[in-house]
Amino acid sequence: METRTTRISPADVTRQREFCEKIAERNAALAAESLAFVDTYGCQQNEADSERIRGYLRAMGYGFTDDENAADVIVINTCAIREHAEDRVFGNIGALVHAKRRHPGQIICLCGCMAQEPWVAEKIKQSYRHVDLVFGPHALWRFPELFYRVYTRRGRVFENADEPGSIAEGVPLVRQNGVKAWVSIMYGCNNFCTYCIVPYVRGRERSRLPEDVLSECRELAEAGYKEITLLGQNVNSYGKDLGLSMDFADLLRAVNDIPGEFLIRFMTSHPKDASQKLFETMAQCEKVAPVFHLPFQSGNDRVLKAMNRHYDRAVYLDKVRRLREQIPDVVITSDVIVGFPGETTAEFEDTLSLVEEVGFDALFTFIFSPRKGTPAAEMDDPMPMAEKKANFQRLVDAQNAISAQKHAAYIGKTIRCLIDGVCQEEGFVLTARTPGNRLVRVEAGEEALIGTYRDVEITGANTWSLWGRLK
Ligand code: SAH
Ligand code: SF4
Ligand code: F3S
């Protein structure tokens with residue numbers, strides 16, 4: 001699917017910054033600092049979007065808080081991937097009625113993937129009248145302009161027109177973390193897996209220009225970031241819309257060539273586009289972490305076809321084999337859906353056997369959740385939820401045993417890890433990540449080590465994490 005990407009002009013982004021300045025002038029005239037609370041749900045793409053929302057808010061003169069009662073502005077950046085995610089958001093927005101009653105001047109904004117769904121915007125309009133501004137991912141770059149309308153006129157604003165999507169460079173950012181950074185390399189998705197809402201709410205695939213991605217990565221390396229994660233719904237199709245000769249593997253190599261001590265991660269990859277060239281490039285690039293998140297969704301060919309995934313079990317297993325041929329100790333993680341409409345327990349057994357056969361280091365398991373507007377939501381779904389849950393539990397048990405076994409194999413090894421935070425659990429002081437992104441809880445050490453690579457001897461492990469001590 002070839003699309004022509006709309007690039008927002010620098011003048012249009014400058015205009016947004018001018019709205020920020022106007023708001024900043026008014027905020028500066030107030031007695032106390034104005035505060036904003038940005039609450040993020042969903043995937044890393046949403047985390048990255050929230051960094052841009054914070055960037056704009058800071059340019060408007062807001063400081064940040066995590067307390068909804070102290071906030072003058074609340075922005076809820078939502079996820080629509082499963083019903084459970086949406087239910088949580090509706091529950092939380094409902095509860096904000098109380099915060100707003102105590103603080104009538106408070107501005108409440110709802111954005112992200114749910115906000116792009118027409119039925120959600122309608123429900124907010126009718127039943128959640130304390131929400132002032134609703135805007136989808138397509139309108140994010142125009143947040144200051146939309147916010148200014150609410151800020152000055154106090155009318156409600158709804159902005160979620162459907163569009164293929166655009167790319168805006170030059171939006172300010174406040175990064176959440178000084179050690180690890182997200183870099184979006186592309187937006188949207190063209191794959192239309194039959195269960196998935198993402199293509200409807202995030203628009204068509206569109207890639208940032210390589211020079212924009214590379215200059216952002218260069219700045220991060222110069223600023224001392226130790227980990228850069230390249231983000232997209234399907235990073236393997238990077239560049240296809242640009243008509244350039246550069247593909248994702250070439251981009252990875254170009255990021256790898258940037259001087260500095262940092263690791264490169266990326267997500268997510270679609271198996272149909274994960275190429276031999278990519279596996280070879282990863283093996284050759286010393287900064288690219290030896291880890292691959294490769295969602296398989298189902299181990300059964302009929303179900304994969306009904307999901308519109310464009311690969312079968314044999315192709316998937318062959319990709320895993322070729323990846324391991326290039327990087328023998330690669331950490332492989334995946335996503336899987338149990339209870340897709342029409343999936344029988346016999347078909348589910350194929351998913352279970354694929355999990356046993358591959359031996360993933362970790363697996364993200366989901367029960368199918370019908371999403372309004374997607375083809376799968378209209379399919380016959382005769383299996384009772386109790387049977388889906390029983391199958392789901394069998395899968396989780398099988399994976400837990402595999403993860404525990406994989407983790408146990410780390411005991412006694414010394415691994416160079418990135419110290420990335422303070423550990424909240426008793427008996428540990430720091431958290432660290434192996435190059436394969438396994439969590440390590442570290443017994444002792446100074447907080448000053450956060451943001452450095454250190455050798456950690458692994459002394460224990462369970463299904464979910466490792467623990468150890470600094471060498
Ligand atoms: N772009 C990524 C996935 C993003 S969504 C990719 O293609 O790999 C993350 C995961 O949520 C998916 O991999 C899938 O396993 C799960 N998921 C998506 N839609 C779902 C639905 N309707 N019900 C249950 N799980 C779903
Ligand atoms: Fe959804 Fe499929 Fe696109 Fe992933 S590749 S975002 S699962 S449509
Ligand atoms: Fe959710 Fe949107 Fe990400 S639906 S998973 S936040 S792209």
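The values are calculated or read from the model by the stated rules, or taken from the named source; none is laboratory data. For clarity, every value in this text was computed on a predicted model and none was experimentally measured. Ideal geometry is used to build each Cβ from the backbone, glycine not excepted, and the neighbour counts take in all protein chains shown.
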Point to revise | Members of the range 125-178 found to be closer than 15 Å to LEU110 by Cβ and either of a type in the set (A, V, I, L, M) or surrounded by fewer than 15 Cβ atoms within 10 Å (Cβ to Cβ) (or both), listed by number | key: LYS125, GLN126, SER127, ARG129, VAL131, LEU133, VAL134, ALA139, LEU140, LEU146, VAL150, VAL157
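Kindly indicate which of GLY232, GLY239 is within 16 Å of ligand 1 (Cβ to nearest atom) and touching a Phe, Trp or Tyr at 6+ places or on another chain (Cβ under 8 Å).
Checking each option against the conditions leaves just GLY232.
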Study note, to complete from the structure: Apart from one, (1) on the phi > 0 side of the Ramachandran plot; (2) away from ligand 3 (no atom under 16 Å from the Cβ); (3) at pLDDT 95 or above all hold for CYS217; the odd one out is (1)
Exercise for review: Determine whether the range 334-343 contains at least one residue that is surrounded by 22 or more Cβ atoms within 10 Å (Cβ to Cβ), assigned to a strand (DSSP E or B), within 16 Å of ligand 2 (Cβ to nearest atom) and on the phi > 0 side of the Ramachandran plot.
Suggested key: no
Check your understanding: Does the range 240-256 contain any residue that is β-branched (Val, Ile, Thr), within 16 Å of ligand 3 (Cβ to nearest atom) and either part of a loop (DSSP other than H, G, I, E, B) or at pLDDT 95 or above (or both)?
Key -> no
Exercise for review: Kindly indicate which of ASN92, ASN77 is under 23 Å from ARG54 (Cα atoms) and not in a helix (DSSP H, G or I).
Suggested key: ASN77
Check your understanding: Could you list, in sequence order, the residues of the range 270-322 that are without any contact (Cβ under 8 Å) to a residue 24 or more places away in the chain and small (Gly, Ala, Ser)?
Key -> ALA314
Review point. Only one residue in ASP318, ASP350, ASP397 is closer than 16 Å to HIS270 by Cα, at pLDDT 95 or above, not aliphatic (A, V, I, L, M) and not in a loop (DSSP other than H, G, I, E, B), so which one is that?
Key: ASP318
Check your understanding: So which pairs qualify, if the first residue must be in the range 229-241 and closer than 13 Å to ALA274 by Cα, the second must be in a strand (DSSP E or B) and among the small types (Gly, Ala, Ser), the Cβ gap must be under 9 Å, and the two must be at least 6 apart or on different chains?
Key -> SER237/SER207; TYR238/SER207
Review point. Which of the residues that make up the range 439-463 are in contact with a Ser or Thr (Cβ under 7 Å, 6 or more places away or on another chain) and either free of Cβ contacts under 8 Å to residues at least 24 places away in the same chain or outside any strand (DSSP E or B) (or both)?
Key: THR463
Check your understanding: What pairs can you find where one residue is in the range 35-60 and over 13 Å from ARG142 (Cα atoms) and free of Cβ contacts under 8 Å to residues at least 60 places away in the same chain, the other is buried (at least 20 other Cβ atoms within 10 Å of the Cβ) and aromatic (Phe, Trp, Tyr), and their Cβ atoms are less than 8 Å apart, with a gap of 6+ or different chains?
Key -> LEU35/TYR62; ALA36/TYR62
Practice item. Find the residue count for the range 159-202, including only residues that are within 13 Å of ligand 3 (Cβ to nearest atom) and either over 16 Å from the mean Cα position of the chain (by Cα) or free of Cβ contacts under 8 Å to residues at least 12 places away in the same chain (or both). Key: 6
Practice item. Inspect the range 293-308 for any residue being away from ligand 1 (no atom under 15 Å from the Cβ) and closer than 30 Å to GLU227 by Cα and give the result as yes or no. Key: no
